[in-house]
Every structure is written in C-alpha cells, then in structure tokens.
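One structure is given here, and the rest of the page talks about it.
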Amino acid sequence: MKNTIAIALAALGLLSAAGAAHADESPWMVRARAVYLDFHNGQADGLPLGGTTRVDAKSRWIPEVDISYFFTPNIAAELVLTTPQSIDIHVGGAKEGKIRALPPSLLVQYHFTQFGSFKPYLGAGVNYTLFSKRSNILNGAASVDRSSVGFVAQAGFDYMIDKHWGVNVDVKYVQMNTDVRVGGAKVGKIDLNPVTAGIGVTYRF
C-alpha cells in the first residue's frame, strides 16, 4: 500500500511539473520567412477581352510574417501576412493592365509534440484577398472584383534550436481568384491559386 501511494505521489509530482513547465511557456510565436510564390495562372470562361487573353502573375520570392497563438500545446491559430503582389494582364501578347492582390490568411493548426525539437504541423483555414487597381485593364474597359475568399491548406515544421529560436519550413496551397467584368457583367474568372514554399526563422516568446 505504501509503495502504491509513493508511486501515485511521484506520478502526481511529474504531472504537476509538466503542467508548470507548460504554464511557463508563452503561447505566442512569430515567424519570418522567405517564400517562393508560384501562381497557377488559370482562367475560366475564355476571358473574351479581345485577342488572346492570358494572366501573367510571375512567380517570385516574397517576404512573409506570421503570428501564432497556442491555445494548447497542440492547437494554434496562425495569421499570415505579406506584401501586396502585382499581377500583369496580357491581351494578344501585349500588357494591357496590372492589378494588385493583398492576401492575408488565418489558419488553425495541429502541432505534433512527440518528436522533441522537431515539431511538424498541419493547418487549414481561410484566405481573404483584397484586390486594388482593379479597373486598370484595357484602359478601364475591364475590371476585377474587390475581394475573394478561398481555402488554405498548410504543412510544415519547426526545428527548435533552443527554448526560443528555431528554423521553419512551410508549404501552403491558397485558393485565390477573382471575377473579370466588362460593363458590370461577368465575362470570366482569373484563378491564381498559388502554392507557396518558404523557409525562415521561428521565435517563441
């Protein structure tokens, strides 16, 4: 009986220590990444703007910052922020306009915690893209919608060097599209749908 009580007290002590360690860990994490943005550049309904219309959103490296809040050791929310991206519109081989897209995303993540310093995660959420310079196509003859909402899927990992600092690798698929309008009537859709691959630095407060 005494041995059973001793084991129970020892187990309770370990659980209390683990709880205290988690309580001491900040729920806030930030990351800064260099991200390669690879646009799908699809289009639907033919975009009958004259000539051969194509979307030319050039793939590029961009900066990205995210802020995460951990509700539990496994569940976190992540807000992803970056800079507005320029997207060229070509008609018949000639550039006939440029729009800009600002695409913040909000995701819910599950973090796997059983691998020590290696901390993989999966995430899913929503992207809300704001389009500006929307009427800058064919000298104002065509425009795109003001915003779009789409799904985001994510996979990545942090490798923690110490309690605060780590290295991050992250891949996301983002649904991003907008309708094209002439005279207020929809004439097609631009599907940008980028895949992003990033590497960066993690800091846990």
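Observations
- Listed conditions (1) in contact with a Leu (Cβ under 7 Å, 6 or more places away or on another chain); (2) more than 21 Å from Thr202 (Cα to Cα); (3) not hydrophobic (A, V, I, L, M, F, W, C) are all met by Asp179, apart from (1).
- Residues within the stretch 57-72 that are in contact (Cβ under 8 Å) with a residue 12 or more places away in the chain, exposed (fewer than 13 other Cβ atoms within 10 Å of the Cβ) and more than 17 Å from Tyr36 (Cβ to Cβ), tallied: 1
- Any pair with Cβ under 7 angstrom, 6 or more apart, that starts in the stretch 108-135 at a residue that is more than 26 Å from Thr83 (Cα to Cα) and ends at one that is among the charged types (D, E, K, R) and surrounded by 15 or more Cβ atoms within 10 Å (Cβ to Cβ): His111/Lys119; Phe112/Lys119; Thr113/Lys119; Lys119/Asp158
- Odd one out for Ile161, checked against (1) under 18 Å from Glu78 (Cβ atoms); (2) free of Cβ contacts under 8 Å to residues at least 60 places away in the same chain; (3) surrounded by fewer than 16 Cβ atoms within 10 Å (Cβ to Cβ): (1)
- Scanning the stretch 73-118 for residues that are among the β-branched types (Val, Ile, Thr) and surrounded by 15 or more Cβ atoms within 10 Å (Cβ to Cβ) yields Val80, Thr82, Ile87, Ile89, Val91, Ile99, Val108.
- Scanning the stretch 76-121 for residues that are polar (S, T, N, Q) and out of contact with any Pro (no Cβ under 6 Å at 6 or more places or on another chain) returns Thr82, Thr83, Gln85, Ser86, Ser105, Gln109, Gln114, Ser117.
The numbers here are math on the coordinates, done by the rules we state, and not lab data. Bear in mind the structure is a predicted one, so any value in this text is a computation, not a measurement. Cβ sites come from the backbone with ideal geometry, for glycine too, and all protein chains shown count toward neighbours.
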